[in-house]
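Q: One structure follows; several queries about it will come next.
The values are calculated or read from the model by the stated rules, or taken from the named source; none is laboratory data. Every value quoted in this text rests on a predicted model; they were computed, and no experiment measured them. Every residue, glycine among them, receives a Cβ derived from its backbone with ideal geometry; neighbour counts consider all protein chains shown. For the accessible areas, the whole protein counts, side chains as well, though only heavy atoms, and no ligand, DNA or RNA atoms are used. Shrake-Rupley method; radii C 1.70, N 1.55, O 1.52, S 1.80 Å.
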Amino acid sequence: MDAPEARELETLADDVEAEARREEATAEDLRRVARDRRRGDTWRVLSADGRLHASLERLGGGAVLLRRAAASLRRLFTRGLFGEGMTTREIGRTFGVSHQRISSILGRREDDR
């Protein structure tokens, strides 16, 4: 495998792993909020300490990070398949998308191969 591609995959793995740790912390926060809610705390009380807002922010940021990671992996995989001789139509079938979408990912016209 090309060293830059391997580095990119390792970076993606590191980013996803770090996000998994953040999501685990968010899950723990939400469990504490659920426990406090069961004890009778109102939503106003629960929101006063900022935990709910922080959880929402982390979840939203995590979703963005994971979408970007998925897009990066899709681009890397698409370029690799194209570099190995697959056509945009074949790659499109692999991903379940149109060949035009693959051409867009590759930054190529659909008739390039």
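Q: How much net charge surrounds T26 when only other residues with a Cβ under 13 Å from its Cβ are counted (Lys, Arg +1; Asp, Glu -1)?
A: Taking every other residue near T26 into account, the sum is 0.
Q: For the stretch 52-113, what size does the Cα cloud have along each of its three principal axes, sorted from largest down, in whole Å?
A: Rounded to whole Å, the extents work out to 50, 18, 18 Å.
Q: Going from most exposed to least, what order do S98, S72, S104, S55 have by accessible area with a 1.4 Å probe?
A: Sorted by accessible area, descending: S104, S98, S72, S55.
Q: Over the alpha-carbon set of the chain, work out the extent along each principal axis and list the three values in angstrom, largest first.
A: 63, 29, 18
Q: Picking from R67, R79, R35, which is most flexible by a Gaussian network model of the chain using Cα springs under 10 Å?
A: Result: R35 has the largest fluctuation of those listed.
Q: Another one. How large is the helix-only mean residue ellipticity at 222 nm for the chain, computed as the sum of -39500 (n - 2.57) over DSSP H runs with n ≥ 4, divided by its residue count, in deg cm²/dmol to the nearest 500?
A: One gets -27500 deg cm²/dmol as the mean residue ellipticity at 222 nm.
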